[in-house]
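Visitor: This is the structure I have questions about; it appears just below.
Just so you know, all these numbers are worked out from the coordinates, no wet-lab data involved. Since the structure is predicted, the reported quantities are computational estimates derived from the model, not experimental observations. Reconstructed Cβ throughout: ideal geometry from the backbone, glycine too, with neighbour counts over all protein chains shown.
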Amino acid sequence: MTQTYPRRWWALGALAVSLLTIGLDLTVLNVAMPTLAVDLGATTTQLQWFGNAYTLSLAALLLPAGLSGDRFGPKKLLLGALVVFGLASLWCAYAGSPGELIAARAGLGVGAAFLIPLSLSLLNILFPPEERAKALTTWVMAMFAGIPLGPLLGGWLLDHFAWGSVFLINVPLTAAGVVAVLFLLPLTRGAGRGAIDFTGIALSTAGLVALTYGFVHAGEHGWADPVTYGLVALGAVLLAVFCWTQTRVAAPLTDLALFREPRFAWGAVLATVASFALMGLLFVLPQLFQAVQGADALPTGVRLLPLIGGMLVAAKLAERLVAVLGVRVVVTAGFVLLAAGLAWGSTTSPSDGYGATVGWEIVIGLGTGSTLPPLMTMAMGALTEGRSGAGSALIQALRQVGGTIGVAVLGTVLNSGYRDGVDVRGLPAPVADAVRGSASAAVAVAGQLHRPALAASARAAFTDGMAGTLWVCAGLGVVGALLALLFLPGRAGAGALPRESEHDVVAI
């Protein structure tokens with residue numbers, strides 16, 4: 001019998017505080033990179049690994065984290081994850097060398113790998129079907145609200161304090177999260193200990209790390225590098241073997257039979273498509289604002305707010321419209337808006353100011369807010385509570401890998417267009433290499449050499465490369481709209497599905 005937990009919305013608020021730290025950590029590091037390069041003496045490769053260490057540990061542990069939540073109950077694991085995230089943040093803040101910061105960033109990824117799927121799986125436990133869409137919208141927006149706050153807070157902190165302050169901001173938030181989770185979340189019983197699929201854990205971890213790192217390596221070194229396609233091929237093979245073994249063990253790490261349920265399968269796949277496009281956009285927008293429009297770190301965060309605002313508004317409207325029109329109509333329209341906004345963005349020219357960007361940012365935000373929350377609600381609604389942790393981890397693993405692939409593929413498109421377009425004639429080889437490296441570097445070099453024509457060439461080349469990137473994303477939006485129209489359920493309320501089994505909820 002279902003027990004309605006009276007403090008469920010307060011509990012969701014506790015989860016939102018915890019999730020805000022993850023969104024912050026995704027972007028706050030970007031504004032600190034120049035300072036870290038000087039203060040820690042970090043090389044370009046080490047700067048890249050500050051981000052990669054977090055990404056790889058997150059990808060590696062998502063599936064085992066979800067299974068652990070189902071097996072042992074999510075509350076104690078959430079508390080442990082918050083403590084790990086807070087301690088790793090302290091370690092980051094006081095790291096004395098690049099290697100130490102890389103290790104600390106990996107620790108942050110470990111904490112995030114448990115926080116994301118376990119907090120998501122709790123929604124199926126805390127909320128009845130009719131409230132899950134609203135709860136999931138809150139969950140999604142808590143994750144994304146930290147993205148523009150990262151540059152805002154990071155820029156302000158770097159103006160007033162040492163670079164470690166961009167990590168110390170996580171500590172009071174995680175401490176508040178620990179207190180809130182301790183007193184507001186229910187203690188839920190897991191399915192028990194039983195057998196553990198160590199082979200599945202090893203295969204999935206190695207496969208996700210190889211695949212993710214392969215695409216990260218592609219973004220850094222190109223697709224022709226043998227390490228790139230070697231890692232991608234290795235990851236694909238390991239994950240194929242993992243999928244094969246999951247159908248042959250008594251207690252699999254994740255239930256691949258979930259993909260036989262169309263609502264879960266298409267919700268997860270289309271959410272990954274939307275994440276691919278969104279992560280690609282978040283990769284190019286800060287560079288547009290800084291390299292082309294001349295904004296610093298703090299104004300860059302402000303300029304991302306229309307995107308997040310559009311997502312918030314659309315997510316709220318979509319929640320109501322799905323109940324009336326059905327998930328198919330709302331998500332299809334969302335993908336159409338997403339594609340239209342991206343196509344509009346591709347027309348941006350170097351001379352356009354920020355005012356010309358706001359319109360298509362809002363449209364993309366409206367499209368994203370109309371797709372991600374309804375799709376994830378539908379996918380989560382197809383899960384029974386006994387496998388909500390593993391199912392939510394599977395969704396997040398797909399989105400994580402999809403986002404990483406998106407940044408790598410779209411970064412390649414952007415870099416190819418930029419390098420082909422920037423004019424480096426007459427420059428010494430080392431200077432030309434720096435100019436080809438990024439538009440920001442080219443603008444800095446142009447300022448030092450007093451060559452405004454070089455800066456203009458770099459800005460024009462960047463917007464040309466960005467146009468190609470946004471067209472690829474727009475194409476994905478069209479594909480998403482067609483798939484949604486063909487395969488999503490049309491009836492109203494399709495995302496709110498009855499639960500087949502219940503966890504015992506023990507109020508404390």
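Visitor: Quick check: convex hull of the Cα atoms in region 79-155, volume per residue, rounded to a whole Å³?
Guide: 90 Å³
Visitor: Between Leu187 and residues 5 or more places away or on another chain, which pairs have amide H atoms under 5 Å apart, with H built 1.01 Å from N, and which residues are they?
Guide: Residues meeting the criterion, in which the H sits 1.01 Å from N, are Val506, Ile508.
Visitor: Something else now. Please report the relative contact order for region 58-213, taking Cα pairs under 8 Å with a sequence separation of at least 6, and give it as a percent rounded to a whole number.
Guide: The normalised contact order for region 58-213 reaches 43 percent.
Visitor: Another question, if that's okay. Would you mind ranking Thr348, Thr35, Thr463 by Cβ crowding within 10 Å, fewest neighbours first?
Guide: Thr35, Thr348, Thr463
Visitor: Right, something else. Exactly which trypsin sites (Lys or Arg not before Pro) in region 349-453 are in a DSSP loop and have at most 10 other Cβ atoms within 10 Å?
Guide: Arg425
Visitor: Measure out, as a whole number of angstrom, how far apart the alpha-carbon centroids of region 38-98 and region 282-346 sit.
Guide: Here the two parts' Cα centres lie 28 Å apart.
Visitor: Could you tell me the distance between the Cα centroids of region 444-488 and region 209-273, to the nearest Å?
Guide: Rounded to whole Å, the Cα centres lie 27 Å apart.
Visitor: Same structure, new question: Stick to the Cα atoms of region 197-250, pair each with every other, and give me the Kirkwood hydrodynamic radius in Å at one decimal.
Guide: 11.3 Å
Visitor: Separate question: So if each residue of separation counts as 0.36 nm, and I subtract the Cα-Cα distance between Leu182 and Leu168, what length gain in nm does that give?
Guide: 2.9 nm
Visitor: Counting other beta carbons within 10 Å of each residue's own, what order do Phe161, Phe72, Phe264 fall into, fewest first?
Guide: The fewest-first ordering by Cβ neighbours comes to Phe161, Phe72, Phe264.
Visitor: Quick one: length gained pulling Val358 to Val249 fully straight, 0.36 nm per residue minus the C-alpha distance?
Guide: 34.1 nm
Visitor: While we're on this one: Want the number for Tyr94 to Ser440: 0.36 nm per residue separation, take away the alpha-carbon distance, what's left?
Guide: 121.7 nm
Visitor: Applying a 10 Å radius around every beta-carbon, put 374-382, 288-296, 337-345 in order of their mean neighbour count, most first.
Guide: Top of the packing list down: 374-382, 337-345, 288-296.
Visitor: Within the chain, what is the longest stretch that has no GluC sites (Glu not before Pro) placed in a DSSP loop and near at most 15 other beta-carbon atoms within 10 Å?
Guide: The segment 1-499 is the longest one with no such site.
Visitor: Here is a follow-up. Which of Asp159, Asp255 has the fewest other C-beta atoms within 10 Å, and how do the rest follow up to the most?
Guide: Asp159, Asp255
Visitor: Can you give me the relative contact order of region 197-250 as a percent, contacts being Cα pairs under 8 Å and 6 or more apart?
Guide: Contact order relative to length: 45 percent.
Visitor: Just need the relative contact order of region 401-483 here, percent rounded to a whole number, with Cα pairs under 8 Å and 6+ apart.
Guide: Once divided by the residue count of region 401-483, the mean separation gives 37 percent.
Visitor: Using only the alpha carbons of region 267-315, what is the convex hull's orientation-averaged projected area in square nanometres?
Guide: For the Cα atoms of region 267-315, the hull's average projected area reads 3.8 nm².
Visitor: Here's another thing I want to ask about it. Consider all pairwise Cα distances in region 292-345 and report the whole-number % of them above 13 Å.
Guide: 69 percent
Visitor: What list of ³J(HN,Hα) values in whole Hz, one per residue of region 421-433 in order, does the Karplus curve 6.51 cos²θ - 1.76 cosθ + 1.60 (θ = phi - 60°) give from phi, with Gly and Pro shown as x?
Guide: So the Karplus estimates, Gly and Pro as x, are x, 6, 8, 10, 4, x, 8, x, 3, x, 5, 4, 5 Hz.
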